[in-house]
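Contents: one structure, followed by commentary.
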């Protein structure tokens, strides 16, 4: 294995610095939102994780409520870590989050110090870890003072249970306030996680600017719109797809005629670039340096390898970007 510091590449994977921190992340990270729950095939899960690591994917993104059921993705990762990754702990970045409903009663949701502290302890036990590299608050809490929530994140750092802290799903204004509060406590916000893709561009409305101004990294989840920005649905709905399995997050109504017309046009552009549609979509999110990384989900090793291939071509011509904007604009106008 070899690492070239000047190019930020390690055995073919490109790494980017998270904001103004000292930490670099692979441009493609592996997420555990779906596909690693209680009903998943453990051998397949192991193959995906170990193959990803072999390809330079050193960042694994989890949350307390990932599964299903809640907690099961962390348990799956914990078993894989114990069996395969313990010798490489210093070579991997493990992140988890808390902020959505996790257990019954008044202390298992949102952003109190009680909830975040208890949740992190539970996550560490499930994964068999002494610390996580990044601990996120998963979503803003409209009732808990931001000072309390940020104090919980700072507390995790002071305890040595998290090396860095991050935010997720905060608006530009909320993120700016939270980053300021953390800074006043002597803790820097490492990174912000948000939904961002060709079809979901809300982070461009101020959030990316706030992150850049404050030296905070930006990491995108759902960069493939849960599979819409792949060639999976171009010829219909596969029986083993997320839509076919009655997902509450992605339904058949999501595949509008205008959206699929755009997907077909984008797929043609991808082919002209010698990329798959998934690679094109990931490369587009990573087209500028403000995007530290994208989080992919994978049900198979083949899907994971396809996504990792996006790191081979992260540049676009001005004509290609104009064409993409035109395709997406026609999709929006048809809604």
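Every number in this text was worked out from the coordinates using simple rules, so none of it is lab data. Note that the coordinates shown come from a computational prediction; the quantities given were computed from them, not determined experimentally. When we count neighbours, we look across all protein chains shown, and the Cβ atoms used for this are built from the backbone with ideal geometry, even at glycine.
Count the DSSP beta bridges whose two residues both fall in the chain, then state the antiparallel fraction as a percent rounded to the nearest 5.
Of the beta bridges lying entirely in the chain, close to 20 percent run antiparallel.
Let me check I have the definition right: for region 46-85, take the eigenvalues of the Cα gyration tensor, multiply each by 5, take square roots. What are those semi-axes in whole Å, largest first? Intermediate results must be reported in sequence, preceding the final value.
Numbers: eigenvalues 73, 23, 11 Å².
Three semi-axes, in Å: 19, 11, 8.
Stretched out fully, how many nm does the piece from residue 300 to residue 320 gain, at 0.36 nm a residue minus the Cα gap?
On the way: separation 20, 0.36 × 20 = 7.20 nm, distance 2.99 nm.
Using 0.36 nm per residue and subtracting the Cα-Cα distance, I get 4.2 nm.
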Checklist outcome for this item: Two pseudo-spin positions, 7 Å from Cα along C-beta at residue 273 and at residue 212, lie apart in nanometres by 1.9 nm
Next on the checklist: Between helix 42-54 and the chain, what is the angle of the helix's C-alpha long axis to the longest principal axis, kept within 0 to 90° and rounded to the nearest 10?
Outcome noted: 80 degrees
Checklist entry - Separation between the residue 184 and residue 42 pseudo-spin-labels, each 7 Å from Cα along Cα→Cβ, expressed in nm? => result 4.8 nm
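Could you tell me the ratio Rg/Rh of region 91-138? Both radii from Cα atoms, Rh via Kirkwood.
On the way: Rg = 10.8 Å, Rh = 11.0 Å.
My calculation puts Rg/Rh at 0.98.
In what order do 39, 209, 109, 90 fall by count of nearby beta-carbon atoms within 10 Å, going from fewest to most?
Numbers: 39 9, 209 14, 109 19, 90 5.
The most exposed by this proxy come first: 90, 39, 209, 109.
Give the order of 290, 125 when sorted by the count of other beta carbons within 10 angstrom, beginning with the fewest. All intermediate terms of the calculation are to be shown ahead of the outcome.
Working: 290 17, 125 13.
Least crowded to most crowded, the residues run 125, 290.
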Item to check | Angle between the chain longest axis and helix 146-159 axis [Cα atoms, degrees, rounded to 10] | outcome: 70 degrees
Checklist entry - How much length, in nm to one decimal, is gained on full extension between residue 20 and residue 330, taken as 0.36 nm per residue of separation minus their Cα-Cα distance? => result 107.9 nm
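Provide Rg over Rh for region 107-162; use the alpha carbon set for both Rg and the Kirkwood Rh (inverse mean inverse pair distance).
Details: Rg = 10.8 Å, Rh = 11.3 Å.
Ratio of gyration radius to Kirkwood radius: 0.95.
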Item to check | Whole-number percent relative contact order across the chain, with pairs defined as alpha carbons under 8 Å at least 6 apart | outcome: 18 percent
Checklist entry - Which angle between 0 and 90 degrees, to the nearest 10, do you get for helix 257-272 versus the longest principal axis of the chain when only C-alpha atoms count? => result 80 degrees
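If we count other beta carbons within 10 Å of each Cβ, what is the order of 33, 103, fewest first?
Working: 33 19, 103 15.
Starting with the residue having the fewest Cβ neighbours, the order is 103, 33.
Only helical DSSP H runs with n ≥ 4 go in: add -39500 (n - 2.57) per run for the chain, normalise by residue count and round the 222 nm mean residue ellipticity to 500 deg cm²/dmol.
On the way: 10 runs with 120 residues, N = 335.
Helices in the chain give a 222 nm mean residue ellipticity of -11000 deg cm²/dmol.
How much of the DSSP bridge set in region 120-237 is antiparallel, in percent, rounded to the nearest 5?
Working: 1 of 15 bridges.
Taking every DSSP beta bridge with both residues in region 120-237, the antiparallel ones total about 5 percent.
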Next on the checklist: Along each principal axis of its Cα atoms, how long is the chain end to end? Whole angstroms, biggest number first, please.
Outcome noted: 51, 45, 42
